[in-house]
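The values are calculated or read from the model by the stated rules, or taken from the named source; none is laboratory data. These numbers come from a predicted model, not from an experiment. Quick reminder, even Gly has a Cβ in these numbers, built from the backbone with ideal geometry, and neighbours come from all protein chains shown. Heavy atoms of the whole protein, side chains included, go into the accessibility calculation; ligands, DNA and RNA do not. Shrake-Rupley method; radii C 1.70, N 1.55, O 1.52, S 1.80 Å.
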Amino acid sequence: MRENKLTTALLPLLVVLLVLYQQVDGFSEVSWLSSISQHTNNARMQLDSSRRRSTLLMKTTPSPFPYPVRIAVMGGGNFGIALATVCARNGLPTTLLVRSEEVAEEINTKHRHPRYMSDIKLSHNIRATSNPATALSDATYIIHTVPCQYSRDFLNEIKDYIPNGTPILSASKGIETSSLGFMNDILRETLGEDREYAFLSGPSFAREICEGVATAVVIASDDLMLASDLAGLLSDDSFCGFT
């Protein structure tokens with residue numbers, strides 16, 4: 001609105017300048033208008049770039065919740081570690097469900113994963129276990145990061161440990177080759193319809209997330225309140241969740 005008013009105000013002045021310049025020998029109306037257009041486009045590009053940087057680097061502090069929050073992350077691969085790190089950075093007690101107790105022991109004692117991004121020190125807020133009952137039974141939110149092709153078998157094995165109604169955030173992507181189903185289909189077919197689901201996507205790399213490189217993702221859900229809650233839980237100075 002402000003830009004439109006400014007343009008309207010300047011238009012008569014531009015017309016006057018055009019008439020005056022037409023009286024000058026060698027003046028090219030086309031080149032003059034082209035120059036104005038080029039400068040205008042450059043200014044707009046700089047403004048858009050500045051706005052994008054400001055939005056990406058803005059500080060987003062998670063809102064305090066009126067109830068205790070505990071996060072369980074299913075899958076101890078690169079992205080599971082990354083999202084567990086984000087939750088732990090925000091002060092949330094986070095349990096990482098991994099395959100073997102040996103891996104869990106190393107994470108709990110040395111605070112690093114022996115195989116994935118082993119050079120990255122993990123937060124003391126992250127605890128690991130290979131026992132699904134320990135990891136999932138009292139989780140407020142569960143984050144699923146097991147690769148798509150292995151998700152159905154994994155979820156069928158642990159579904160009895162997930163309480164009814166506990167929301168699931170899926171960060172796994174892809175199409176199951178055996179059924180051509182998406183993660184939304186796999187989750188609903190294995191865990192049922194008596195809970196809400198959300199899905200995280202966007203250009204992101206596990207190592208950069210752990211290292212605090214600015215990252216923006218989108219969280220989508222049929223339940224807009226759930227998407228907003230999860231975005232608030234995960235967002236910090238470097239990791240921003242949008243809905």
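Calculate what fraction, in whole %, of the accessible area of the range 93-211 sits on carbon and sulfur atoms when a 1.4 Å probe is rolled over the protein chains.
49 percent
Mind listing which GluC sites (Glu not before Pro) in the range 105-211 are in a DSSP loop and have 10 or fewer other Cβ atoms within 10 Å?
In loop regions of the range 105-211 (DSSP not H, G, I, E or B), the sparsely surrounded GluC sites (Glu not before Pro) are 193.
Amide H of residue 181 versus every other amide H placed in the peptide plane: which residues, excluding those fewer than 5 positions away on the same chain, fall under 5 Å?
176
Hey, got a sec? Which trypsin sites (Lys or Arg not before Pro) in the range 141-243 land in a DSSP loop and have at most 14 other Cβ atoms within 10 Å?
Counting only loop positions with at most 14 other Cβ atoms within 10 Å, the trypsin sites (Lys or Arg not before Pro) in the range 141-243 are 173.
Return the equivalent ellipsoid semi-axes of the range 150-243 as a descending list in whole Å, where each equals the square root of 5 times an eigenvalue of the C-alpha gyration tensor.
25, 16, 12
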